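The values are calculated or read from the model by the stated rules, or taken from the named source; none is laboratory data. Since this is a predicted model, take the numbers as computed values, not measurements. Here the Cβ is made from the backbone with ideal geometry for all residues, glycine too, and neighbour counts use every protein chain on show.
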Amino acid sequence: MKNKLSRFAVPYEVWMAIFVVAPILIMVIYAFSSSEGGFTLDNFVQMGGYTQVFLRSFKLAIIATLICLVIGYPVSYLMSREGPAFQRTAMVLIMLPMWMNFLLRTYSWMTILENHGLLNQLFEKIGLISLYNHIFGTELEYFSMMNTQGAVVLGMVYNYLPFMILPIYTAMTKIDNSVIEAAQDLGCNVWQILFRVLVPLTGPGIATGITQVFVPAVSTFIISRMLGGGSNLLIGDLIELQFLGNSYNLNLGSAMSLVLMVIVLLCMSFTSSFDEDEMEGVS
């Protein structure tokens, strides 16, 4: 019976071999090959010239992840403590932007943040720009928000915040109110309840949320290209340039992709370690 059922897995195994294993093997071969086809490590050595891009990618991804955590954790807690009707409404509002095209969501922020966009028009009407000029002695016509690292981080937070809220919210719903009430009866204040009760119990959700935000943030290229301009290149932009841009260096692009894949795998192993600890605690 078991052998008969295993036959149904053959199409899946073939699909995995063609669309998952084969592309990874090709990427590894190109990463360790020169343009002439011989073995080399020069592709990884050349990546040293892009250290600033790698550092910028990690910096912005970490900042965006921390902001998502600071916003997402209290939102998740409030949702989990409310009734079913509120939870359903909040979940729809959180998921609503994700039902739209990723490119359109990012493009909408260009309209909001541009020099004469909606946000600058609002600042001008309420007199914020005039107040700023009066205090600092400047003559600004608008606040320059586009093509900055702040705009890139804002785009990351807006697009990836649901990925932080959903796993933490799921972990929060498993915590019974009696646990929090017992901590209060024992004299714990708000911060003690947060760091000694809630955070340990929601650790797997936090780890999953961090992974789901950090991984796409560190590898994104649409957000950095549209909101950051050419002066804020990230790892994803570099890889795209090696395959589609004027640089066109498949070997270097494969080496960068391999390094990025290793980073993703490390993040996934970090998450799985928390999941294993949770299962051991339950058992």
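Out of the residues in segment 186-198 that are among the aliphatic types (A, V, I, L, M) and either exposed (fewer than 13 other Cβ atoms within 10 Å of the Cβ) or under 15 Å from the mean Cα position of the chain (by Cα) (or both), state the one that is nearest to S57 (Cα to Cα).
Taking segment 186-198 first, the residues among the aliphatic types (A, V, I, L, M) are 186, 190, 193-194, 197-198.
Imposing the further condition that a residue be either exposed (fewer than 13 other Cβ atoms within 10 Å of the Cβ) or under 15 Å from the mean Cα position of the chain (by Cα) (or both) reduces the set to 186, 190.
Working: L186: 44, V190: 35 Å.
Applying the filter and picking the extreme gives V190.
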- Please specify each residue of segment 121-137 satisfying the condition of being surrounded by 10 or more Cβ atoms within 10 Å (Cβ to Cβ) and more than 23 Å from T111 (Cα to Cα). L131, N133, H134
- Message: Can you list the helices (runs of 4 or more DSSP H) lying wholly within segment 200-283 that have 2 or more residues being surrounded by fewer than 17 Cβ atoms within 10 Å (Cβ to Cβ), among the charged types (D, E, K, R) and modelled with pLDDT under 85?
- Response: 250-282
- Message: Just to check your reading of the model, which residue among T89, T106, T65 is assigned to a helix (DSSP H, G or I), modelled with pLDDT of 90 or more, of a type in the set (S, T, N, Q) and surrounded by 14 or more Cβ atoms within 10 Å (Cβ to Cβ)?
- Response: T65
- Task: Could you list all residues from segment 30-43 that are outside any loop (DSSP other than H, G, I, E, B) and touching a residue at least 60 places away in the same chain (Cβ under 8 Å)?
- Result: Y30, A31, S33, N43
- Query: Is it true that some residue in segment 144-157 is on the phi > 0 side of the Ramachandran plot, out of contact with any Phe, Trp or Tyr (no Cβ under 9 Å at 6 or more places or on another chain) and surrounded by fewer than 16 Cβ atoms within 10 Å (Cβ to Cβ)?
  - Reply: no
- Message: Can you find a residue that is touching a residue at least 60 places away in the same chain (Cβ under 8 Å) and part of a loop (DSSP other than H, G, I, E, B) anywhere in segment 161-175?
- Response: yes
- Looking at E124, E114, E181, which one is over 29 Å from the mean Cα position of the chain (by Cα) and farther than 21 Å from M79 by Cα? E124
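G187 - would you say it is under 24 Å from L233 (Cα atoms) and out of contact with any helix residue (DSSP H, G or I) (no Cβ under 7 Å at 6 or more places or on another chain)?
Values: under 24 Å from L233 (Cα atoms): no; out of contact with any helix residue (DSSP H, G or I) (no Cβ under 7 Å at 6 or more places or on another chain): yes.
The answer is no for G187.
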- Query: Taking interchain pairs and intrachain pairs at least six residues apart, which have beta carbon atoms under 8 angstrom, with the first residue in segment 48-67 and closer than 16 Å to L238 by Cα and the second assigned to a helix (DSSP H, G or I) and among the acidic types (D, E)?
  - Reply: V53/D237
- Query: Which of the residues spanning segment 1-28 are aliphatic (A, V, I, L, M) and more than 24 Å from V218 (Cα to Cα)?
  - Reply: M1, L5, A9, V10, V14, M16, A17, I18, A22
